[in-house]
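Before I ask anything, let me first share the structure, which is written out below as structure tokens.
None of the figures in this text is laboratory data; all of them are computed from the coordinates on show. Keep in mind that this is a model prediction, so the values were computed, not measured.
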Ligand SMILES: [Zn+2]
């Protein structure tokens, strides 16, 4: 053991977003079983979208 730890994988935030792009991630709404997706619209530009259930009361409130 030299004391040098290089096990930490430090990546820029963009790489983490790249890893999530195109995947459905649960969450995003407390009122329904919503999921979120991340789309890359341009290099370095990511857009997070939340998809609510059709029956979501929060969604109904917003679409009025
Ligand atoms: Zn919702």
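Please give the contour-minus-distance gain from residue 45 to residue 62: 0.36 nm per residue of separation, less the Cα-Cα distance, rounded to one decimal in nm. Please list the in-between numbers first.
On the way: separation 17, 0.36 × 17 = 6.12 nm, distance 2.55 nm.
That pair, residue 45 and residue 62, stretches by 3.6 nm at full extension.
Note down the Stokes-Einstein diffusion coefficient of segment 13-62 in µm²/s, whole number, using a Kirkwood radius over alpha carbon pairs, 37 °C, and 0.692 mPa s.
Numbers: Rh = 11.7 Å.
Rounded, D is 282 µm²/s.
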